[in-house]
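Accompanying notes for the structure given below.
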Amino acid sequence: MSQQHLPQIPSELLPSDGRFGAGPSKVRPESVDMIVAHSKDILGTSHRQKPVKDLVGAVQRNLAELLGLPDDYRIVLGNGGATAFWDAATFSLVEQRALHLVYGEFGRKFADATLAAPFLEESVIIEAEVGSAPEPVASPLADLIAFPHNETSTGVMVDPRRPDNSQDSLMVIDGTSAAGGIDFDISQTDVYYLSAQKGLGADGGLWLASFSPAAIERVERITQNERWIPAFLSLKLAIDNSAESQSYNTPALATLLMIEAQLSWMLSIGGLAACAARSARSAEIIYRWAEQHPLAAPFVEDPLLRSPVVATIDFDHQVDAERLAALLRANGIVDVEPYRKLGRNQLRISLFPAIDPDDVEALTESIDWLLENGELIR
Ligand SMILES: *Cc1c(COP(=O)(O)O)cnc(C)c1O
């Protein structure tokens, strides 16, 4: 796109911050300030000494408070992000067989991990069309039930609730993009895991997870059995290290500082309920705009499944949504392209707590302006 034909959105319509990506997502300047503030007493110091262990301890405590963690649950952390956690869970949490609800790419990736494990029975997969979701169910065959709280690839949310007859099945929920932006009852889960570059507005590379006593007991039992578990993926080692506010190997200290800054901010504005309300306000703005627009519509038809943290908006076939995303990008509004494998005429817009609802409003105005002036109608 050459500079001179570039339609320039009037500056008074533009959002104050143009980052609407679903991960990495907007990092608040205060989180970066936190890194600078600790450039000499945390950065470049040992993760086995008190200053960093205190920081990890604060992250554990504040995440527990944000999630409303029951007293006997534990916050565990390790390196490698949610993707590494899928492999770790495959080794350390599935006893014989997993059951996965699949309604998009992220749920499928965990399912693929347990399906490929030669030491497990074939996973039960319950699938729904993208844009919808299956009801959570249990199976007497499965000892673990897994699904994403928010399916980031499609913008579908499923409330984590123990299904009927789930008895000894562990509820292992992917909270990567939901955490911090959707209120829920964590006691309905045994493991709730996340990466820090989405709702926590930090950076990638770490995973954090809450573990119920049943989940810890499961890990202990599997670890005592014959199964070979690579040390890096051993949840037993992660649990033991986390009990000392450490990780098995070296974590990114700057990321921990950003997580702590974001958690402190989230608690200061009123915790999970307030953060969820902020995302819900952004969601109301974007979905109402799409519903009322003759050329746009929410991709997720059922309002109960529509995510309050990642909105997927379909455009009429006359609109070139790819060009729309490119023009937005050229105007400093970035990462609203749809999930690459979904292949729809769509924008995906994140509504994490860090994102100002006024900026979501400004985004709709910027899109309206481009639909008028951007030669987007084919
Ligand atoms: C982004 C995402 C992941 C993968 O996170 P990584 O940190 O890249 O491993 C997993 N699950 C969900 C729901 C996600 O949104």
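The values are calculated or read from the model by the stated rules, or taken from the named source; none is laboratory data. Predicted, not measured: the structure shown is a model, and the values here were computed from it. Backbone-built Cβ (ideal geometry, glycine too); neighbour counts: all protein chains shown.
Quick notes on this one:
- Cβ-Cβ distances below 7 Å connect the following pairs, each with a first residue in segment 147-159 that is more than 11 Å from R108 (Cα to Cα), a second residue that is at pLDDT below 95 and more than 10 Å from the ligand (Cβ to nearest atom), and a separation of six or more residues or different chains: T154/V130; T154/L342.
- Residue match in segment 106-126 (condition: within 16 Å of the ligand (Cβ to nearest atom) and in a strand (DSSP E or B)): no
- Single residue of E12, E30 found to be in contact (Cβ under 8 Å) with a residue 60 or more places away in the chain, closer than 30 Å to I349 by Cα and not aliphatic (A, V, I, L, M): E30
- Checklist (1) within 16 Å of the ligand (Cβ to nearest atom); (2) closer than 16 Å to W86 by Cβ applied to F211, failing item: (1)
Yes or no, residue by residue, for (1) free of Cβ contacts under 8 Å to residues at least 24 places away in the same chain; (2) of a type in the set (F, W, Y); (3) in a helix (DSSP H, G or I):
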{"residue": "L267", "(1), (2), (3)": "no, no, yes"}
{"residue": "S282", "(1), (2), (3)": "no, no, yes"}
{"residue": "I313", "(1), (2), (3)": "no, no, no"}
{"residue": "R329", "(1), (2), (3)": "yes, no, yes"}
{"residue": "A362", "(1), (2), (3)": "no, no, yes"}
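- Filtering segment 138-157 to residues that are touching an Asp or Glu at 6+ places or on another chain (Cβ under 8 Å) and away from the ligand (no atom under 16 Å from the Cβ) leaves A138, L141, D143, L144.
- Within segment 57-96, the set of residues being buried (at least 18 other Cβ atoms within 10 Å of the Cβ) and in a loop (DSSP other than H, G, I, E, B) comprises L69, Y73, G80, L93, V94, E95.
- Subset of segment 180-198 (residues that are among the small types (G, A, S) and either more than 16 Å from the ligand (Cβ to nearest atom) or under 18 Å from R61 (Cβ atoms) (or both)): G180, S187, A196
- Test set (1) buried (at least 21 other Cβ atoms within 10 Å of the Cβ); (2) at pLDDT 95 or above - P338 fails condition number: (2)
- Members of segment 136-164 found to be within 17 Å of R306 (Cβ to Cβ) and either modelled with pLDDT under 95 or of a type in the set (S, T, N, Q) (or both), listed by number: N150, T152, S153, T154
- Subset of segment 48-68 [over 16 Å from V172 (Cβ atoms) and either among the aliphatic types (A, V, I, L, M) or in contact with a Gly (Cβ under 9 Å, 6 or more places away or on another chain) (or both)]: V52, L55, V56, A58, V59, L63, A64, E65, L66, G68
- Cross-chain or 6+ apart pairs with Cβ under 6 Å, segment 40-52 first and over 16 Å from N241 (Cβ atoms), then in a loop (DSSP other than H, G, I, E, B): P51/D41; P51/I42; P51/T45
- Odd one out for Y103 among (1) surrounded by fewer than 22 Cβ atoms within 10 Å (Cβ to Cβ); (2) of a type in the set (S, T, Y); (3) over 28 Å from E226 (Cβ atoms): (1)
- Checking each residue in segment 288-305 for being in contact with a helix residue (DSSP H, G or I) (Cβ under 6 Å, 6 or more places away or on another chain) and of a type outside the set (G, A, S) picks out W289, P298.
- Leading residue by the ranking (surrounded by the most Cβ atoms within 10 Å (Cβ to Cβ)) among those in segment 230-253 that are aliphatic (A, V, I, L, M) and more than 22 Å from the chain's Cα centre (by Cα): L237
- Top-ranked residue in segment 5-34 [being crowded, with 18+ Cβ neighbours inside 10 Å and more than 22 Å from P338 (Cα to Cα); ranked as farthest from the chain's Cα centre (by Cα)]: M34
- Qualifying positions in segment 213-241 - in a helix (DSSP H, G or I), closer than 27 Å to I259 by Cα and of a type in the set (S, T, N, Q): N241
- Test: D164 is more than 12 Å from the ligand (Cβ to nearest atom), free of Cβ contacts under 8 Å to residues at least 12 places away in the same chain and over 27 Å from D240 (Cα atoms): no
- Residue in segment 93-102 that is within 10 Å of the ligand (Cβ to nearest atom) and touching a helix residue (DSSP H, G or I) at 6+ places or on another chain (Cβ under 8 Å) present: no
- Residue in segment 190-212 that is farther than 25 Å from G104 by Cα and either assigned to a helix (DSSP H, G or I) or aliphatic (A, V, I, L, M) (or both) present: no
- Yes/no for A133 being modelled with pLDDT of 95 or more, touching a Pro at 6+ places or on another chain (Cβ under 6 Å) and within 16 Å of the ligand (Cβ to nearest atom): no
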